[in-house]
1. Where in segment 111-226 are there helices (runs of 4 or more DSSP H), lying fully within it, with 2 or more residues that are over 22 Å from Asp255 (Cβ atoms) and in the same structural domain as Ala246 (by TED's automatic domain parsing)?
2. When the residues of segment 129-153 are narrowed to those that are out of contact with any Asp or Glu (no Cβ under 6 Å at 6 or more places or on another chain) and among the aliphatic types (A, V, I, L, M), which ends up farthest from Leu269 (Cα to Cα)?
3. Could you tell me how many of the residues in segment 10-39 are under 20 Å from Thr224 (Cβ atoms) and either within 17 Å of the chain's Cα centre (by Cα) or in contact (Cβ under 8 Å) with a residue 40 or more places away in the chain (or both)?
4. Taking Ile68 as the residue in question, decide whether it is among the aliphatic types (A, V, I, L, M), touching a strand residue (DSSP E or B) at 6+ places or on another chain (Cβ under 8 Å), assigned by TED's automatic domain parsing to the domain that holds Ala26 and outside any loop (DSSP other than H, G, I, E, B).
5. So if I check each of Leu48, Leu75, which one is buried (at least 20 other Cβ atoms within 10 Å of the Cβ) and either of a type outside the set (Ser, Thr, Tyr) or over 14 Å from Gly31 (Cβ atoms) (or both)?
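The values are calculated or read from the model by the stated rules, or taken from the named source; none is laboratory data. Every value quoted in this text rests on a predicted model; they were computed, and no experiment measured them. Here the Cβ positions follow ideal geometry from the backbone for every residue, glycine too, while neighbour counts run over all protein chains shown.
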Amino acid sequence: MTHLDEMVGRVVGVDPRLLEEPEDLASLSLGARHEQALSFFTTATQRLVTIATPEFGAGPDRILVERIPPISQPLPADGWKIEKGFLHVPGGKRYDLTAVARHPTMGLTIVRDFPGHMRGALARHTRKTWPELERRLHDLGGALKKHLTEEVELPILRVIGFGPGALPVGDMALCGLLLTGRALGMGRAPVHWLTRLGMEVRRFQHRTTRFGAAYLKFALEGRTTTAQEAFFRAMARDFEGAIDLAVDGITRERDASGPGFLVGVRVALDMIRADVFAIPVGAAPAA
């Protein structure tokens, strides 16, 4: 039988955060797998660590390798760890993470001006994709602008964890809200609701799946995948020729997170547009 350490290819990239914050990485448990990625959770903190092929793309707490074992190959759930700059796999082999390309995940671009072209493109791409999710997000957006804390509780609970599967579409929409709010808030736009949204997401992220909670934590920290980083660069330029490519890059994310993320981005832009131009949240797109 082929040994596991012969089926994991050479390491070609790493998120440097795995080297800078290694405290809880000494025990990894396999949580899910598909053709291009193995997903692990740390035993102590449920931190998500991904070993993936380059086609999957760089991202928070990801290690990129030339190949991973095929789905048909049984894998042990335990015996994986990252320690002293090395990835250890069951069977004894270790892979040096310190001498490979580093892919930082804190590259969120500042968006200084309202991206009207991007918003228009998202309106075309996401209209009627998830109508129930949109309604829930707009309810949340309205609640975030009210003063009472309890006004937000029910709306956030109707979004967090909403949708089927291990990575609920509601969680990815919240990631879109958080990252868009951060990108424009670092620029000129008033994003008064962002801090409050972050507090509520932290408060209730235990109400969703392990994957949903992990992605929300990444968004709260402002960390992005390669596709998301390119998307916000395109948003900052707001050049029509590059926008469709950036949107397409998000929709092709291999973890199927893209559609929900884009709905969240569009609702965030609606909320910011309402504050900048005094237009009601949920108003029809401009012609």
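1. Details: elements: 116-126, 131-144, 150-157, 169-185, 194-204, 210-220.
In segment 111-226, 116-126, 131-144, 150-157, 169-185, 194-204 are the helices (runs of 4 or more DSSP H) which contain 2 or more residues that are over 22 Å from Asp255 (Cβ atoms) and in the same structural domain as Ala246 (by TED's automatic domain parsing).
2. Start the filter on segment 129-153 by keeping residues that are out of contact with any Asp or Glu (no Cβ under 6 Å at 6 or more places or on another chain), which leaves 129-142, 144-151, 153.
Filter once more, keeping what is among the aliphatic types (A, V, I, L, M): 133, 137, 140, 144, 148.
On the way: Leu133: 16, Leu137: 12, Leu140: 14, Leu144: 14, Leu148: 23 Å.
If we take residues in segment 129-153 being out of contact with any Asp or Glu (no Cβ under 6 Å at 6 or more places or on another chain) and among the aliphatic types (A, V, I, L, M), then Leu148 is farthest from Leu269 (Cα to Cα).
3. First pass over segment 10-39, keeping only residues under 20 Å from Thr224 (Cβ atoms): 12-21, 36-37, 39.
Filter once more, keeping what is either within 17 Å of the chain's Cα centre (by Cα) or in contact (Cβ under 8 Å) with a residue 40 or more places away in the chain (or both): 12-19, 36-37, 39.
Number satisfying all stated conditions: 11.
4. Values: among the aliphatic types (A, V, I, L, M): yes; touching a strand residue (DSSP E or B) at 6+ places or on another chain (Cβ under 8 Å): yes; assigned by TED's automatic domain parsing to the domain that holds Ala26: yes; outside any loop (DSSP other than H, G, I, E, B): no.
The answer is no for Ile68.
5. Working: Leu75 fails: buried (at least 20 other Cβ atoms within 10 Å of the Cβ).
When all the criteria are applied, what remains is Leu48.
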